[in-house]
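First the structure, in the form of structure tokens, and then the observations on it.
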Amino acid sequence: MSSFWFLNGIKKGIKTEKFPSAKPEFPPDWPSGLSGTYSANCPVKAITPEGWIMEKCIFCRRCIPNMQPTKEQDIFTIKSGEDIFRKSFHVFPLDSGACGSCNIEFLSVFSPQYDANRLGIFLVNTPRHADAIVIMGVMTNGMKETLDRAYEAMPEPKLIIALGVCTITGGIMGEPPLDREKYNVEIAGCPPSPYTILAALNAAKGAGKK
Amino acid sequence: MRYYKFGKPGGRLIGNTEKYTVYENTVSERRDKFQKLFYQNLPGEFTFSYGPATGGLLESVAFQIKTPGELIKQVVVDPYFKTRTINLTGLAPQDALLKIERINGFHAAANAISFEMAVEDALGIEVTDEINYSRIVMLELERIRSNLEVVKRLCEPAGFGVPENQVAHLREEVTRLISMVTGHRYFFSASSIGGCLIRTSGLEENIIKIKDQFETLFNNLLQSKIFLNRLQNNGVIKNGPLLGPAARAAGMIVDARISHPVLPYGKLGFKIAVFDEPDAFGRFYVRSQEILNSAELILEALNNCGNRDTVNSSAVNGEGAARLESPQGDLFYYVKIDHGVIQDVQISSPSLLNIDAFRRSMVGNIFTDFHFNWESFGIWISELAVVIK
């Protein structure tokens, strides 16, 4: 039976896309970059006369037709990184108060279409083994101590990655877990697509490269 | 309220909201309380703490496992670490919907449509058959993805890498299909009060492809004795209140798609998938059958789908309630609207009864059974750990 599954896997062929070295094969419309003109209809004030603030946007589509999706998946910001993570980057996810969609999108980067392992990005089961903590969701009272303890348990150097609009600005659901200046990486989206997450993690691990 | 009335407790228990206990056709103001657990460790036994944030858990949840080392004597589940407070009072229903979708983002369609049905009930909004069929397409796509996630997570603790990745691949294909149909990978803003906007071109061929691929994978999994041994006789539960796939695996013919016929499932020739093994294998089997059934339902509903924008009602006051079959079981919403804004929302999540069933079924099993049994219930903490204000 074990050889059956081995051969079965081989027969399926390679399902992994070339992204991020090539363009995404199936980029979603929502979430993606937005472009257009000012719309007063935004429930989170992500669209201002000065432009679109991706870290606030919940991609609710109320700005249509003024704003249109561009399908661009690079809606993230790398504020700082560490050169030491260039070849292997171990991440620990922490759900501080997420709706579940960020949790699934984060895990999706390890599914065959994206296969984050090939880029040297690995999931770990404890913050003790982590280079970065990936926080998902708004702040909740019950998770505050867990978040603090997880961060303290991580070895130096370490990064904090905010995944999703709830974590960055609170979005429409509440307050963010940390002040924005504490985040090394901010990944916009509600939830961010696996393309965006993969590109952000890949960029973060090489961000300190000289 | 057209479908529910306040009254005495009676009929099948659906669950608790913050204020009420919900039964099949009535809402009772006498709120049932679950029996509190008390277990004193015997000499040589200890309490093993697991969670709230550690490997193997999709969401933040904590377990206290009472054990002498291998046998599990009792499990206490605390799902309330990540309790979110969601402010809905004073919002227009359409604005509240943005937050309702994000109560459980992985099941946004079930939560959104159940809320919309309750609002439509409260304000007397008539929904056309075309919209109801579109909603069925959304709900069944969500059920396929949710059940695929459960099958994937059952393969994971078995170290069954090839099928796990094949199911993960299939789940991502379904998510891309959802994005193609609704514009968003998680159905956000795809439906509205009285309306629904979906694109069905290309759906038929893709759903046939996904159904065929899963059918092959499912039949292969049924040939793997090692995998099946991890599931069979693990987490046997056939008594007490059960919902969704857990109930149907125990041979109970319960399904809101039939018992609460607001959506026209009956016209699609829908048949409930039941099984006679009330363990993790039975729940895996029922969920797998439901993936195939949901694909059939989508193909049936596809020809009758239609789109319509939000419907604005002249009514501004009312109370309504609705229930539908989410992938985990009965999901209930009660809504009270006053002067066009939300005054009260009550939610009964299937995960409450599923957690109770899980902890009862875990007694007498061993540590290595834990993850298989937990995943087989498909419990979602996010829809349970919410306080609506």
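The values are calculated or read from the model by the stated rules, or taken from the named source; none is laboratory data. Here the structure is a predicted model, which is why all the values come from computation and not from measurement. Note: ideal-geometry Cβ built from the backbone for every residue, glycine included; neighbour counts use all protein chains shown. Surface areas here come from the heavy atoms of the whole protein model, side chains and all, with no ligands, DNA or RNA. Shrake-Rupley method; radii C 1.70, N 1.55, O 1.52, S 1.80 Å.
Checking A:Glu181, A:Glu175, A:Glu186 one by one, the residue that is open to solvent by 30 Å² or more (accessible area, probe 1.4 Å) and either in a helix (DSSP H, G or I) or touching a Phe, Trp or Tyr at 6+ places or on another chain (Cβ under 9 Å) (or both) is A:Glu181 and no other. Please verify whether A:Phe106 is of a type outside the set (Val, Ile, Thr), in a helix (DSSP H, G or I) and buried (at least 21 other Cβ atoms within 10 Å of the Cβ), treating the condition exactly as stated. Yes.
Looking at A:Pro28, A:Pro43, A:Pro24, just one residue is assigned to a loop (DSSP other than H, G, I, E, B) and either over 20 Å from A:Leu163 (Cα atoms) or more than 12 Å from every other protein chain (Cβ to nearest Cβ) (or both), and that residue is A:Pro43. On inspection, A:Asp95 qualifies as under 16 Å from A:Pro192 (Cβ atoms) and of a type in the set (D, E, K, R). Residues in segment A:34-56 that are open to solvent by less than 50 Å² (accessible area, probe 1.4 Å) and in contact with a strand residue (DSSP E or B) (Cβ under 7 Å, 6 or more places away or on another chain): A:Leu34, A:Ser39, A:Ala46, A:Ile47, A:Glu55. Would you confirm whether or not segment B:107-119 contains a residue that is open to solvent by less than 50 Å² (accessible area, probe 1.4 Å), within 12 Å of another protein chain (Cβ to nearest Cβ) and not in a helix (DSSP H, G or I)? No, every residue in segment B:107-119 fails to be open to solvent by less than 50 Å² (accessible area, probe 1.4 Å), within 12 Å of another protein chain (Cβ to nearest Cβ) and not in a helix (DSSP H, G or I). Applying the set (1) farther than 21 Å from A:Asn103 by Cβ; (2) in contact with a Leu (Cβ under 9 Å, 6 or more places away or on another chain); (3) within 14 Å of chain A (Cβ to nearest Cβ) to B:Phe187 leaves exactly one unmet item: (1).
Scanning segment B:297-323 for residues that are surrounded by fewer than 17 Cβ atoms within 10 Å (Cβ to Cβ) and among the acidic types (Asp, Glu) returns a single hit, B:Asp309. Contact map, segment A:61-75: residues that are modelled with pLDDT of 95 or more paired with residues that are charged (D, E, K, R), Cβ distance under 8 Å, separation 6+ or inter-chain. Pairs shown: A:Pro69/A:Asp29; A:Lys71/A:Asp29. A single member of B:Glu149, B:Glu173 is modelled with pLDDT of 95 or more and open to solvent by 30 Å² or more (accessible area, probe 1.4 Å), and it is B:Glu173. Looking across segment A:69-103, just one residue is open to solvent by 60 Å² or more (accessible area, probe 1.4 Å) and within 12 Å of chain B (Cβ to nearest Cβ), and that is A:Lys71.
When segment A:1-21 is limited to residues that are open to solvent by less than 40 Å² (accessible area, probe 1.4 Å) and assigned to a helix (DSSP H, G or I), the one that is farthest from the other protein chains (Cβ to nearest Cβ) turns out to be A:Asn8.
Can you tell me which residue in segment B:149-184 is farthest from the other protein chains (Cβ to nearest Cβ), limited to those that are in contact (Cβ under 8 Å) with a residue 24 or more places away in the chain and either among the polar types (S, T, N, Q) or on the phi > 0 side of the Ramachandran plot (or both)? Once the filter is applied, the top-ranked residue is B:Thr182. Just to verify a result, which residue in segment B:63-102, among those that are within 10 Å of chain A (Cβ to nearest Cβ), touching a Phe, Trp or Tyr at 6+ places or on another chain (Cβ under 9 Å) and open to solvent by less than 30 Å² (accessible area, probe 1.4 Å), is nearest to B:Ile125 (Cα to Cα)? Within segment B:63-102, the match that is nearest to B:Ile125 (Cα to Cα) is B:Leu97. I'd like to check something: does segment B:345-365 contain any residue that is surrounded by fewer than 24 Cβ atoms within 10 Å (Cβ to Cβ), under 17 Å from B:Gln74 (Cβ atoms) and among the polar types (S, T, N, Q)? Yes, segment B:345-365 contains a residue that is surrounded by fewer than 24 Cβ atoms within 10 Å (Cβ to Cβ), under 17 Å from B:Gln74 (Cβ atoms) and among the polar types (S, T, N, Q). Taking segment B:27-62 as the range and being without any contact (Cβ under 8 Å) to a residue 60 or more places away in the chain, in a strand (DSSP E or B) and open to solvent by less than 30 Å² (accessible area, probe 1.4 Å) as the test, the residues that pass are B:Ser28, B:Ala62.
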